[in-house]
1. Could you tell me which trypsin sites (Lys or Arg not before Pro) in region 1-56 are loop residues by DSSP with no more than 11 other beta carbons within 10 angstrom of their beta carbon?
2. How large are Rg and Dmax for region 40-121 when calculated on the C-alpha trace, in angstrom?
3. Leaving ligands, DNA and RNA out of it, report the carbon-plus-sulfur percent of the accessible area of the chain at a 1.4 Å probe.
4. About the Cα centre, and with charges only on the beta carbon of Lys, Arg (+1) and Asp, Glu (-1), how big is the dipole of the chain? Nearest 20 debye, please.
Amino acid sequence: QVQLVESGGGLVQAGGSLRLSCAASGSIFSINHMDWYRQAPGKQRELVAVISSGGSTNYADAVKGRFTISRDDAKNTVYLQMNSLKPEDTAVYYCTADVRVSILSSPLRYWGQGTQVTVSS
């Protein structure tokens with residue numbers, strides 16, 4: 001089994017910064033792309049940022065220029081640096097990872113439990 005554990009959420013004032021971390025553990029052969037999603041109250045879950053196994057990144061328009069996704073493959077960890085936070089960034093943030101557990105297996109998507117980010121105005 002594979003587990004993803006997020007950390008780094010909390011309460012911050014508008015204009016502030018937070019850094020989220022998500023560590024994958026368990027039976028891992030390799031990890032393809034790793035993503036961050038978020039879900040605000042009463043809204044659908046949305047994709048925030050993606051990082052490929054090669055390090056290519058993509059961002060939602062709402063966070064471009066403010067958020068940076070990165071990964072440390074030695075630690076099986078993905079990060080989300082969030083700067084210039086706005087109240088509309090308030091949400092539960094989830095990480096995902098497409099993981100192969102063996103050389104013969106196809107990638108499966110795993111989700112973290114989520115971490116709350118609250119931005120006060």
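1. Values: sites: R19, R38, K43, R45; in loops: K43, R45.
Loop-located and lightly packed - K43.
2. Radius of gyration, then largest Cα-Cα span, for region 40-121: 14.2, 50 Å.
3. 49 percent
4. On the way: 11 positive and 9 negative charges, 9 e Å.
Using only the charged Cβ atoms, the result is roughly 40 debye.
The values are calculated or read from the model by the stated rules, or taken from the named source; none is laboratory data. Remember, predicted model here, so these are calculated numbers, not experimental data. Here the Cβ is made from the backbone with ideal geometry for all residues, glycine too, and neighbour counts use every protein chain on show. In case anyone asks, the SASA skips ligands and DNA or RNA and just uses the protein heavy atoms, side chains included. Shrake-Rupley method; radii C 1.70, N 1.55, O 1.52, S 1.80 Å.
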